[in-house]
Amino acid sequence: MKTLIIVVVGFLLALLAVPTSAQRGPVSADGARVPPLTTVIDALGGSWTLAPGTGSRAVLRNGVDTAGRASVILIWQGSAYVLGDGGLIWWKYTGVVGNAWENKGAVDPSTIAYPPVTPATTANPPDTPAAVRQRLIDAARAEADALLVRVAALQKQIQALQAP
């Protein structure tokens with residue numbers, strides 16, 4: 001329980017560190033890639049770059065290593081994807097806390113037909129305080145759900161290790 005509390009507190013602190021739209025600049029357009037760009041911005045304001053070098057390099061979000069290695073970063077529908085595993089597998093970044101990556105397979109996400117994103121209404125444009133607050137709440141809920149799944153999996157692993 002103590003570990004879960006520490007994880008949740010860390011997550012909440014990470015949410016407080018999410019930059020405002022005034023601090024982060026505009027979200028990169030769908031299909032924006034590093035390279036040829038040097039930096040792309042996701043919907044939560046994360047600034048994505050590749051560490052210096054060639055080939056598969058460290059993936060940095062706001063200058064911090066995400067524990068991912070890739071040769072390409074793609075922004076698609078506001079999310080960050082990377083082409084890792086020797087250029088064979090696409091991974092989607094799913095966590096501000098815990099650097100979670102989800103395997104999305106070998107198909108470039110920008111070539112898959114997704115349902116259209118519902119445009120913002122004029123009563124609640126994307127950068128109003130209410131919209132920003134809702135995005136943060138949605139992100140927090142998704143992170144909390146992912147953390148609970150990870151905690152449950154870790155508890156099972158610990159139990160398996162403790163079994164005679």
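Listed conditions (1) more than 19 Å from Ala142 (Cα to Cα); (2) buried (at least 17 other Cβ atoms within 10 Å of the Cβ); (3) touching a residue at least 24 places away in the same chain (Cβ under 8 Å) are all met by Arg69, apart from (3). Residue check, Trp90 against (1) at pLDDT 90 or above; (2) over 25 Å from Asp145 (Cα atoms), all met but one. Which one? With (1) at pLDDT 90 or above; (2) over 25 Å from Asp145 (Cα atoms) applied to Trp90, the lone miss is (2).
Among the residues here, Ala51 does not qualify as within 26 Å of Gln134 (Cβ to Cβ), more than 15 Å from the chain's Cα centre (by Cα) and at pLDDT 75 or above. Summed over segment 72-97, the residues that are touching a Leu at 6+ places or on another chain (Cβ under 7 Å) and either over 20 Å from Ala142 (Cβ atoms) or polar (S, T, N, Q) (or both) give a count of 2. Look at segment 45-65: where a residue is surrounded by 15 or more Cβ atoms within 10 Å (Cβ to Cβ) and a partner is hydrophobic (A, V, I, L, M, F, W, C) and modelled with pLDDT under 90, sitting 6+ places away or on another chain with Cβ atoms under 6 Å, you get Gly45/Val18.
Residue pairs whose Cβ atoms lie under 9 Å apart, sitting 6 or more positions apart in sequence or on different chains, and linking a residue in segment 74-87 that is outside any strand (DSSP E or B) to a partner that is of a type in the set (Phe, Trp, Tyr) and modelled with pLDDT under 90, are Gln77/Tyr114.
Of the residues making up segment 128-149, those that are of a type in the set (Gly, Ala, Ser) and without any contact (Cβ under 8 Å) to a residue 60 or more places away in the chain are Ala130, Ala131, Ala142, Ala146.
The values are calculated or read from the model by the stated rules, or taken from the named source; none is laboratory data. Just so it is clear, the structure is predicted and the values come from calculations on it, not from any experiment. Cβ atoms come from the backbone with ideal geometry, glycine included; neighbour counts cover every protein chain shown.
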